[in-house]
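The values are calculated or read from the model by the stated rules, or taken from the named source; none is laboratory data. Note that the coordinates shown come from a computational prediction; the quantities given were computed from them, not determined experimentally. Methodologically, a virtual Cβ is constructed for each residue, glycine included, from the backbone with ideal geometry; neighbour enumeration extends over all protein chains shown. Heads up: the accessible areas ignore ligands, DNA and RNA and are worked out on the full protein's heavy atoms, side chains in. Shrake-Rupley method; radii C 1.70, N 1.55, O 1.52, S 1.80 Å.
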Amino acid sequence: MTLSETKQPKRQPLTSGAAARPSVFVDGAAGTTGLGIRERLGMQDDVVLRNIAEDKRKDAQAKRALMEEVDLVILCLPDQAARETVALIDGMGASAPKVLDASTAFRVAADWTYGFPEMAPDQADRIRAARKVSNPGCYPTGAVALLRPIVDAGLVPADYPITINAVSGYSGGGKSMIESFETGTAPAFELYGLGFEHKHLPETQLYSNLVRRPIFVPSVGNFRQGMLVSVPLHLDTLPGKPGAADLHATLAKRYAGSTYVSVMPRDNAAASSGHIEPEALNETNRLELYVFASPKYPQAVLVARLDNLGKGASGAAVQNMRLMLGFADT
């Protein structure tokens with residue numbers, strides 16, 4: 001499946017007319033996320049993509065001048081550089097553009113809106129109204145999608161000891177990890193983040209509405225992109241002892257009508273085979289949620305599948321961008 005077959009649908013902005021096409025500047029477009037955003041924007045004809053000369057990329061005044069001319073800036077920068085650029089935008093007053101940040105710098109900041117439109121019934125509207133939106137991390141997108149609805153519904157207590165396991169393709173690990181895998185010097189598979197301080201934990205806990213810090217065990221495999229996030233549950237330890245049908249119904253209700261998030265039927269092919277692989281949604285903005293349960297034991301595993309570069313990064317950024325610019329996409 002190609003990216004062109006699965007891109008976000010084109011819509012007319014709420015302010016019509018060719019002259020009203022909004023303009024966007026991607027700051028840090030040479031990285032993996034930035035390149036993915038530019039590729040997606042290249043397939044849309046209702047947004048004008050503005051650029052800065054390479055020799056002016058670190059020139060604060062040149063960058064400020066460009067940002068004063070655009071409607072929205074997407075930051076694909078390291079955390080500290082993102083903070084510096086946001087400080088520059090904050091000083092622009094009425095000429096400041098909207099900003100969508102793909103770093104981890106502002107994901108739990110109280111004055112920023114979290115850019116997971118499907119997280120709550122009103123989240124897409126909050127993103128539409130926001131001037132500052134933080135693009136979610138790839139792992140939290142899967143984990144929050146699974147946990148938030150069942151915590152909100154009371155099926156899982158907010159203080160329940162949650163464990164999250166996940167595997168990602170190596171493209172999410174930055175330049176050095178990508179190089180090590182593509183040159184054959186990396187192991188075929190490895191766990192990491194075993195210091196219990198992974199940068200995605202704060203947003204995962206906050207937006208899952210958990211009061212107890214979850215244990216998060218990420219891993220990376222020798223494939224470029226694709227992701228599985230899984231949450232095992234002992235159903236007989238939960239209040240009310242919910243069954244798999246209760247978990248599935250709660251997820252299905254939350255995401256009913258969603259364009260990009262699908263709760264898969266319980267009799268899906270993966271359930272029949274007992275296997276699920278991480279690459280099936282690559283080059284898309286889709287997110288699939290599964291409930292696997294034992295017919296013999298009171299145990300279940302919730303699984304999210306997504307492209308760590310799609311719904312986990314660049315695809316989500318374009319979805320948020322379109323909401324912030326007033327397009328009718330959901």
**Asked** Considering only the chain, what is the antiparallel percent among its DSSP beta bridges, to the nearest 5?
**Response** 45
**Over the chain: helical MRE at 222 nm, DSSP H runs n ≥ 4 each giving -39500 (n - 2.57), nearest 500** = -8000 deg cm²/dmol
**Asked** Within the chain, which is the longest segment containing none of the chymotrypsin sites (Phe, Trp or Tyr not before Pro) that sit in a DSSP loop and have at most 13 other Cβ atoms within 10 Å?
**Response** 1-191
**Message:** Taking every alpha carbon pair in region 279-320, what does the distance histogram look like in 10 angstrom bins from 0, in percent?
**Reply:** 30, 36, 21, 12, 1
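Under Stokes-Einstein, with the Kirkwood radius over Cα pairs standing in for Rh, what whole-number D in µm²/s applies to region 138-235 at 25 °C and 0.890 mPa s?
Rounded to a whole number, D works out at 173 µm²/s.
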**Message:** Kirkwood Rh and Cα-based Rg: tell me the resulting Rg over Rh for region 15-169, rounded to two decimals.
**Reply:** 1.01
**Item:** Inter-part distance where region 172-229 and region 296-326 are each reduced to a Cα centre, Å
**Value:** 15
**Item:** Two-decimal Rg to Rh for region 213-278 - Kirkwood Rh, Cα set
**Value:** 0.99
**Diffusion constant of the chain at 10 °C, which comes from Stokes-Einstein with the Kirkwood Cα-pair radius and 1.306 mPa s, µm²/s** = 77
**Fill in**
Beyond 22 Å (Cα-Cα) in this structure, taken from Lys56/Lys199; Lys175/Lys199; Lys58/Lys175, we find Lys56/Lys199
**Item:** Cut-off 11 Å between beta-carbons: net charge of the residues surrounding Pro202, Lys and Arg +1, Asp and Glu -1
**Value:** +1
**Prompt:** If packing is taken as the mean number of other Cβ atoms within 10 Å per residue, what is the order of 237-249, 140-152, highest first?
**Reply:** 140-152, 237-249
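Round to a whole number: what % of the accessible area of region 215-259 belongs to carbon and sulfur, probe 1.4 Å?
Carbon plus sulfur share of accessible area: 55 percent.
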**Kirkwood Rh in Å, taken over all unlike Cα pairs in region 46-120** = 13.4
**Asked** Helix 79-90: angle to the longest alpha-carbon principal axis of the chain, degrees 0 to 90, nearest 10?
**Response** 50
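Accessible area per residue of the chain at 1.4 Å probe, in Å²?
I get 44 Å² per residue for this part.
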**Request:** Evaluate the charge dipole of the chain about its Cα centre and quote only its size in Debye, nearest 20, assuming +1 on the Cβ of each Lys and Arg and -1 on the Cβ of each Asp and Glu.
**Result:** 420
**Extended-chain gain in nm, criterion 0.36 nm per residue less alpha-carbon gap, Thr163 and Glu54** = 34.8 nm
**Message:** Give the average over all directions of the projected area of the C-alpha convex hull of region 221-330, one decimal, in nm².
**Reply:** 8.2
**Prompt:** Non-local amide H neighbours of Leu309 (under 5 Å, H modeled in plane, Pro and chain starts lacking H): which ones?
**Reply:** Gly226
**Prompt:** Which angle between 0 and 90 degrees, to the nearest 10, do you get for helix 138-152 versus the longest principal axis of the chain when only C-alpha atoms count?
**Reply:** 60
**Asked** So how tilted is helix 32-41 from the main axis of the chain? Cα-based, degrees 0 to 90, rounded to 10.
**Response** 70
**Item:** GluC sites (Glu not before Pro) lying in DSSP loop within region 187-280, provided at most 16 other Cβ fall within 10 Å
**Value:** Glu197, Glu279
**Asked** By how many nm would the segment from Ala269 to Ser294 lengthen if fully extended, with 0.36 nm per residue of separation less the alpha-carbon distance?
**Response** 7.4 nm
